[in-house]
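Visitor: Take this structure first; my questions come after.
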Amino acid sequence: MSEEPVLTSPARILSVNGDINPSRRALARQGNLIAVASGKGGVGKTWFSITLSQALARYGNRVLLMDGDLGLANVDVQLAMSPEHDLASVVAGKIALTDAISAFSGGAARSAGDKAPMQRAGMGFDVLAGRSGSGALDTLSRKQIEALCGDLIRIAVQYDHVIVDLAAGMNGHMMPLFARIGKALIVVTDDPTSITDAYAMIKFLATVHPELDIRIVVNMAESKMQAEKTFGAVHRACEHFLHFTPTMAGYVARDKHVTHAIRAQAPLLARYPQSEAAMMVQQIAESIQTSGPRGLI
């Protein structure tokens, strides 16, 4: 590979001009904060974020899922939720971030310090919903974004895992969060633009945050061989041009049950727990929950 892949994502602009103060690298990372990102849309990122959240909850973890796509939020749509409050209310100053948290399927397990007895609904987790098409969220200032990220970091200590489903590409909305997250999962498919844009995303992250734990998830793979081929394309480009070696978190097979679950607005693990895709996400969740400590690292 002699030429660097053509970068079609907005990440190209950020990777060239820079958008983050390098001094932020010195901040302690929150080990339980996991960003799920992609170079382009249509790769199943939000579906994966939801399924991963439920898979982690299935192991008894307290999980919070935040819809970080501030302009085109759709986590609540896929979960058929109608939350009373969302991030738009937080940004407007009407409520605190903690008051915008909604429970899905009983919500996250109660902590030992709560006065109420320990209990949980099966695979329940908490959700911080966005508001699709909200101009207020899409045009937040850098100061407002940093305040929102700061609030999220403060409440993250109450959870074992906080999953942030980011907007496709690098549009700058949640960039301050990358200075504190413990892991970044980049979702990619075998589509050529998905591969080049995933590389663009990794190029930015590896340049600005070289210590960040970046892992690749290959989604909608026709076979294990195809998944390895897709990962290999990204891996080779990163090693050759960035001298950076990403790891593979796992892959998820193309599965008709995923489409059926999305249409039914139901999580895959609840509707088709024995499906191939469900089992593969559970394997990724198992590797994540055993690969690092909770809290600051």
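A quick yes/no check of all residues on (1) under 19 Å from Asp213 (Cα atoms); (2) in contact with an Asp or Glu (Cβ under 9 Å, 6 or more places away or on another chain); (3) not basic (Lys, Arg):
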{"position": "His235", "(1), (2), (3)": "yes, no, yes"}
{"position": "Met248", "(1), (2), (3)": "yes, yes, yes"}
{"position": "Ala261", "(1), (2), (3)": "no, no, yes"}
{"position": "Ala266", "(1), (2), (3)": "no, no, yes"}
{"position": "Met280", "(1), (2), (3)": "no, yes, yes"}
{"position": "Gln283", "(1), (2), (3)": "yes, no, yes"}
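Visitor: Still on this structure, I have one more. Out of all the residues in the range 210-227, is one or more surrounded by 15 or more Cβ atoms within 10 Å (Cβ to Cβ), of a type in the set (Gly, Ala, Ser) and touching a residue at least 40 places away in the same chain (Cβ under 8 Å)?
Guide: Scanning the range 210-227, I find no residue that is surrounded by 15 or more Cβ atoms within 10 Å (Cβ to Cβ), of a type in the set (Gly, Ala, Ser) and touching a residue at least 40 places away in the same chain (Cβ under 8 Å), so the answer is no.
Visitor: Find all pairs meeting these conditions: Cβ atoms under 7 angstrom apart; at least six residues apart or on different chains; first residue within the range 182-198 and in contact (Cβ under 8 Å) with a residue 12 or more places away in the chain; second residue of a type in the set (Phe, Trp, Tyr).
Guide: Final answer for the pair search is Val187/Phe48.
Visitor: Also: Taking helices (runs of 4 or more DSSP H) that fall entirely within the range 24-113, which contain at least 3 residues that are in contact with a strand residue (DSSP E or B) (Cβ under 6 Å, 6 or more places away or on another chain)?
Guide: 45-58
Visitor: Which condition number does Arg180 fail, the rest of (1) touching a Pro at 6+ places or on another chain (Cβ under 9 Å); (2) more than 19 Å from Arg254 (Cβ to Cβ) being met?
Guide: Of the numbered conditions (1) touching a Pro at 6+ places or on another chain (Cβ under 9 Å); (2) more than 19 Å from Arg254 (Cβ to Cβ), the odd one out for Arg180 is (1).
Visitor: Keeping to the range 114-129, report how many residues are part of a loop (DSSP other than H, G, I, E, B) and either among the β-branched types (Val, Ile, Thr) or at pLDDT 85 or above (or both). Spell out how you get there, then give the answer.
Guide: Pass one, the range 114-129, residues part of a loop (DSSP other than H, G, I, E, B): 114-124, 129.
Retained after the next criterion (residues that are either among the β-branched types (Val, Ile, Thr) or at pLDDT 85 or above (or both)): 124, 129.
Here the count works out to 2.
Visitor: Tell me whether the range 243-255 contains one or more residues that are modelled with pLDDT of 95 or more, assigned to a helix (DSSP H, G or I), surrounded by 15 or more Cβ atoms within 10 Å (Cβ to Cβ) and out of contact with any strand residue (DSSP E or B) (no Cβ under 8 Å at 6 or more places or on another chain).
Guide: no
Visitor: Moving to a separate point now. Within the range 228-242, which residues are of a type in the set (Gly, Ala, Ser) and surrounded by fewer than 14 Cβ atoms within 10 Å (Cβ to Cβ)?
Guide: Gly232
Visitor: Is it true that Pro273 is surrounded by 15 or more Cβ atoms within 10 Å (Cβ to Cβ) and free of Cβ contacts under 8 Å to residues at least 60 places away in the same chain? Break it down stepwise before answering.
Guide: Values: surrounded by 15 or more Cβ atoms within 10 Å (Cβ to Cβ): yes; free of Cβ contacts under 8 Å to residues at least 60 places away in the same chain: yes.
Taking the combined requirement at face value, the residue satisfies it.
Visitor: Which numbered condition trips up Thr207, out of (1) crowded, with 20+ Cβ neighbours inside 10 Å; (2) touching a helix residue (DSSP H, G or I) at 6+ places or on another chain (Cβ under 8 Å); (3) among the polar types (S, T, N, Q); (4) over 23 Å from Thr290 (Cβ atoms)?
Guide: Unmet condition: (1).
The values are calculated or read from the model by the stated rules, or taken from the named source; none is laboratory data. A quick note: this is a predicted structure, and the numbers were derived from the prediction, not measured. Positions of Cβ are generated from backbone atoms using ideal geometry, with glycine treated the same way; all protein chains shown enter the neighbour counts.
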